[in-house]
1. Residues in the stretch B:237-254 that are at pLDDT 95 or above and farther than 16 Å from A:Asn272 by Cβ: how many?
2. Filter the stretch A:259-295 for residues that are open to solvent by 10 Å² or more (accessible area, probe 1.4 Å), more than 16 Å from ligand 1 (Cβ to nearest atom) and assigned to a loop (DSSP other than H, G, I, E, B); which is farthest from A:Leu370 (Cα to Cα)?
3. Kindly indicate whether any position in the stretch A:86-100 is touching a helix residue (DSSP H, G or I) at 6+ places or on another chain (Cβ under 9 Å) and small (Gly, Ala, Ser).
4. Select the strands (runs of 3 or more DSSP E) contained entirely in the stretch A:1-81, then report the ones holding at least 1 residues which are in contact with a Leu (Cβ under 7 Å, 6 or more places away or on another chain).
5. List pairs: first residue in the stretch A:34-60 and more than 19 Å from A:Glu88 (Cβ to Cβ), second residue part of a strand (DSSP E or B) and open to solvent by less than 20 Å² (accessible area, probe 1.4 Å) anywhere in the structure, Cβ distance under 7 angstrom, at least six positions apart or on different chains.
6. Looking at the stretch B:67-87, can you tell me whether even one residue there is among the β-branched types (Val, Ile, Thr), surrounded by fewer than 22 Cβ atoms within 10 Å (Cβ to Cβ), in a loop (DSSP other than H, G, I, E, B) and over 14 Å from the mean Cα position of the chain (by Cα)?
7. Within 16 Å of ligand 1 (Cβ to nearest atom) and farther than 19 Å from B:Gln219 by Cα, is that true of A:Pro188?
8. May I ask you to say which residue of B:Pro178, B:Pro120, B:Pro167 is within 16 Å of ligand 1 (Cβ to nearest atom) and either at pLDDT 85 or above or more than 18 Å from the chain's Cα centre (by Cα) (or both)?
Amino acid sequence: MIGNNETISLEAIPAVPFERFRQAVIAAVAYGARLSAMPVRPSADNGELTIIAVLSFPENSEIGLLTGALFDRWPSLTPDCAAAHWFEREIAEQWGITPEGHPWLKPIRFEPPRGHAAGCPETAPVGVTDFFSMEGEESHEVAVGPVHAGVIEPGHFRFLCHGETVYHLEISLGYQHRGIERAMIGGPGPRTVHYMETLAGDTTIGHVMAYSHAVEALAGIQVPPRAEVIRVIAAELERMANHIGDLGAMAGDVGFLPTMNYCGRIRGDVLNMTAALCGNRFGRGLIRPAGVEWDLDSELIDDLSARLEAVQKDVIAAVTLMLDTPSVMARFESTGVVSVDTARRIGLVGVAARACGLARDVRFEFPYGLYRLAHLPVNTWHSGDCFGRAQVRWLEVQASIDFIRQRLQELPKGPLSRDLPALKSDALAVSLVEGWRGEICHVAGTDKEGRFAFYKVVDPSFHNWFGLALALRRQQISDFPLCNKSFNLSYCGHDL
Amino acid sequence: MLRTLKTRFQQKYRTMTYPGGPAPELPARFAGRPVLRDDACNADCGACMTVCPTNAIALARERSSVTLDTGRCLFCRACEKACPQGLIRFTRDYSSASPTREGLVIGGGVDHTIQARNEPAAKFFVRSLKLRQVSAGGCNACEADCNVLGTPAWDMGRFGIQFVASPRHADGLLITGPVTVNMRLALEKTYAAVPDPKIVIAVGACAVSGGPFIGHAEQHNGAVSVVPVDLFIPGCPPHPLSILDGILKLLERI
Ligand code: SF4
Ligand code: SF4
C-alpha cells in the first residue's frame, strides 16, 4: 500500500502467482476498490512480462499494488470483474497475448504490438474488427466516422438499431494513436513534458499535473506552496472552461441556441483567463515538474478576479436560462441513463460517475497538492441521465468559481519552483489527479539509471467510453449527440 | 420568451470588429512569431538547440546564427530562456501563416516570410469558403480553437467561411493533427471527396510538421505527406486570431 504521489521500489511490490493476483484484484474491486490502472512491465529485453494492478481504495486513501508474472495465455479477469474489460483488451493488443475467456476481445487502438517474443498477431487495419450485428426485420446498422459531421476528433461508431431504437452502440477507436507511451520510455527528455501537455489538449493541466506529481515523487521533492496554489487555479479554470463549453454544446444538441452561443463565448473568456496566466489558452508552459513557470502579481490577480466576476454573472444567466426551460429539461431527463449499479461495475469515474450518485472524486478521496488543505464539495446527482451530467457540471462550475476566487485572495509568498534532483532508480510512482473529466492515473516506473522503463497513462475516458455505449441502449438514435456531449470523452486521451 | 430576451440583452452584442477594427487583445504573455537577432551568436554554444523539443532550431549556413522553423515550433519559449545572449525573442505578433513551408523558417539572414496568398483561393473562394475539418491525430486543442471561430465573438460566417458536415459540400479541407497511420486512409478519402478546385489548410504544428510527435512511426509528420497544402498555420495550437488572419490573407481579404 502506498499513498497518492508516493513511490515504492519495484522489488518491494508484492509478487504473487497469477491465480492469486487474479483473485486478489477481483476481491478488491468487489470490496469497493477501483482498478485505476493495470500496466505491464516488460523485462529489459521485452521477454518476460509482469502485470501490475493499481487498486485505489477510497475509504483510506491508499493505493494497493500487486504484481504477477504474465504468460501468453492467462485466465481473463473480465468475466468476474467488468472494470478489467478495457485493460485486458489493451494488454492483449499491446503484447500479442490472450486473456482466455475474455468475452469481448478486440483491439482498442489498432496499434502494432510492442514486440513480445512469441508470434505476435499482425495488427488489423484500424476499424477492422468483428462488430456485433443483429438480425431481424426492421433491424439495421448506422455507421458513422471516423470523420464526423462536426469539428471533433475521429472515432468510429456503429449503432445496432431496431427502427429508431438503439439496441447497442459499438465504439471503435484508435484513429488518434500517436505512440506517446512508447516514446516516454527512456525519458524524461526535452519532449516528455510536451507529450503530457498534448496527450489530450483539453486536459493539458490535468495531465501535466499528474506527470509532475509522479516526477516529483520519484525525485523526492515537494513543490513550494505558491506553486501549488497556482497549479490548482489553473486546474479549476480548466474544469470550468470545459464544463461551460459542454453545457453549451448540450444546449446546442437539443436545439436551444441561446445558451449554446453564450456558453461558447464564455468558455473562451475562461480560456483567456488561463492565457492571462501563461500566454496559452490551454495552459501550455505553465506547470513543469518542481514548480510553475509563471507568477501572478497583484495587478494580474485583480484582473483575473474581475474577469471571474464577469464570467460568473454571464454563466449564471446563460445556464439558468437553459435549466429553467421545460422543453430542454424534457430532452435531458431520463435520456442516456446509466444506473448506479452499472456505473460501479464498469468502473465509471468523474462527472459520469458522480451523475449516477457515486461520490468519486480524487480531489476528495486521494487529496494532492493544495487539495490536501483546501477542499471543494463533491457534487453528485442521483439520476445518471443527461440531466444528471449537466447538473453535476453546473454545480462544479459554481464551486470552481468560488474556489478560484478564494485562492486568488490567499496566495502564499515564496518561490515558484525548486531544483529537481535525479529520479530514484528501479522505483514506481502512482499519481492520481481529478481532471475535469474524472480520474487521471499516471504510473511511472524507472530503470536502474532512473529513466522511465515504462510509463502508463490512464485518461478518465479509458474508463468511461464503455459507459457511453451502455447509456445509448434503448435510446432513440437521435439522442446520440446529446448523450455523447453529456459524457464528452477524449479520443486522443484514450488513443494516446 | 421575455426571459430569453432579457438574457440576450444582458449578454450583449459581442462580435469583434476585426479586421475592420482593432484585433482582439492578446494576452500579455502570448508567444507569437519569434524574432532572431543574428549578431553575436556563438554558433558553438547550441544552448537553444539542446533544449528544443522538436529540433526546430538549426545552424544557419554561415554558422554565425541560427534559424527557427516555426512550423516545428511548439512556442514553448525554452530556447528564449536558454540563449545566453538573448538573441531569440517571442513577439506578440499573431500573424504567422505562410503558403509555403519554407516561409515558416525565420532567421539565418534571410527572412522567408511571404504573405499568404493563393490566386485560385482568392478568385474562387473570396466570398464563400466552405471547409471540411479533418482531425488527423490532433490533441483537440487545434480543433477547439478552430471551433471557436464559429462562436459569436469571432463569427467567421461574416466572411462566408464555414465548416460543413460533408466533404462533398466543401471547397477544401482544414487539417489538424500529424496524420496518424490510422487516419491516413480516412484523410485520403475525404480529400478525394472534395470537388475541384479545392484548397487545403494545415493548422498547428502537428499538421505542419508532426509537432510534438515528429518522427514517431505512428504518424506521417504532417498533412503534406498525404495531400498538397496551400496554407500552413503554425502554433501549438495557433491562436484563433492567427488562424483567422491566415485564412483571410489566403483569400486576400486583408
Ligand atoms: S520555442 Fe520553439 S524553437 Fe524554441 S525551444 Fe520551444 S519548440 Fe523549440
Ligand atoms: S499542434 Fe499542438 S495543439 Fe495542435 S493538435 Fe498538435 S499537439 Fe495539439
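The values are calculated or read from the model by the stated rules, or taken from the named source; none is laboratory data. This one's a predicted model, so the numbers in the text were calculated from it and none came from an experiment. Because the Cβ atoms are built from the backbone with ideal geometry, glycine has one as well, and the counts that use them run over all protein chains shown. Keep in mind that these areas ignore ligands, DNA and RNA; they rest on the heavy atoms of the full protein, side chains included. Shrake-Rupley method; radii C 1.70, N 1.55, O 1.52, S 1.80 Å.
1. Counting residues in the stretch B:237-254 that are at pLDDT 95 or above and farther than 16 Å from A:Asn272 by Cβ gives 0.
2. A:Arg281
3. no
4. On the way: elements: A:6-9, A:34-37, A:40-42, A:49-57, A:62-70, A:73-75.
It comes to A:6-9, A:34-37, A:40-42, A:49-57, A:62-70.
5. Close Cβ pairs (under 7 Å, with a partner that is part of a strand (DSSP E or B) and open to solvent by less than 20 Å² (accessible area, probe 1.4 Å)) amount to A:Phe57/A:Gly64.
6. The answer is no; no qualifying residue exists.
7. Working: within 16 Å of ligand 1 (Cβ to nearest atom): yes; farther than 19 Å from B:Gln219 by Cα: yes.
Considered against the rule, which asks whether it is within 16 Å of ligand 1 (Cβ to nearest atom) and farther than 19 Å from B:Gln219 by Cα, A:Pro188 comes out as yes.
8. Details: B:Pro120 fails: within 16 Å of ligand 1 (Cβ to nearest atom); B:Pro167 fails: within 16 Å of ligand 1 (Cβ to nearest atom).
Criteria check complete, one pass: B:Pro178.
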